[in-house]
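Heads up, the thing below is written out as structure tokens.
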Amino acid sequence: MFDDKVLIIAEIGINHSSSVDTALKLIDAAKNAGVDIAKFQKRTPRLAVPRSEWEKPKSTPWGDMTYIEYKERMEFGKSEYDI
């Protein structure tokens, strides 16, 4: 597929802090650095986060909330990935 070329992958993960604008800037920065692919992570917090952690308080840029609320807020949905 890539003729045995080594690909450089940028791991953006959730460093976009739930902002499409930030995600696009991170993609541009990766491209400017010579990266071939930018990778994000997609999780379903209610499956990935242990139930015992859900109600723990979390201070966030959006104010105080439970840990599960924070994790859900950090995830992009289909509409954000479609951009």
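Only the coordinates and a few stated rules stand behind these numbers; no lab work does. Only a predicted model underlies this, so the values are computations on that prediction, with no experimental measurement involved. All Cβ positions, glycine included, derive from the backbone under ideal geometry; neighbour counts span all protein chains shown.
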Between Lys5 and Glu55, what FRET efficiency comes out of the Förster formula 1/(1 + (r/R0)^6) with R0 = 35 Å and r the beta carbon distance, rounded to 0.05?
-> 0.15
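At 222 nm, what value in deg cm²/dmol follows for the chain if DSSP H runs of at least 4 each add -39500 (n - 2.57) and the sum is divided by all its residues, to the nearest 500?
So the helix-based figure for the chain works out to -9500 deg cm²/dmol.
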Over every pair of different alpha-carbon atoms in the chain, take the mean of 1/r and invert it; report that Kirkwood radius in Å.
-> 14.5
For region 43-59, in order, what is each residue's ³J(HN,Hα) by Karplus, 6.51 cos²θ - 1.76 cosθ + 1.60 with θ = phi - 60°, in whole Hz (x at glycine and Pro)?
-> 10, 9, x, 5, 9, 8, 9, x, 3, 5, 9, 4, 8, 5, x, 9, 7
Give the angle, between 0 and 90 degrees and rounded to the nearest 10, that separates the Cα long axis of helix 20-32 from the longest principal axis of the Cα atoms of the chain.
-> 30
Those residues of region 67-81 whose amide nitrogen sits under 14 Å from the label point placed on Leu24, 7 Å along Cα→Cβ | 80-81
Going from the alpha-carbon gyration tensor of region 22-63, what semi-axes, largest first and in whole Å, does one get by taking the root of 5 times each eigenvalue?
-> 31, 15, 6
Provide the net charge surrounding Asp21, with neighbours chosen by a C-beta distance below 15 Å and charges set as Lys +1, Arg +1, Asp -1, Glu -1.
-> -1
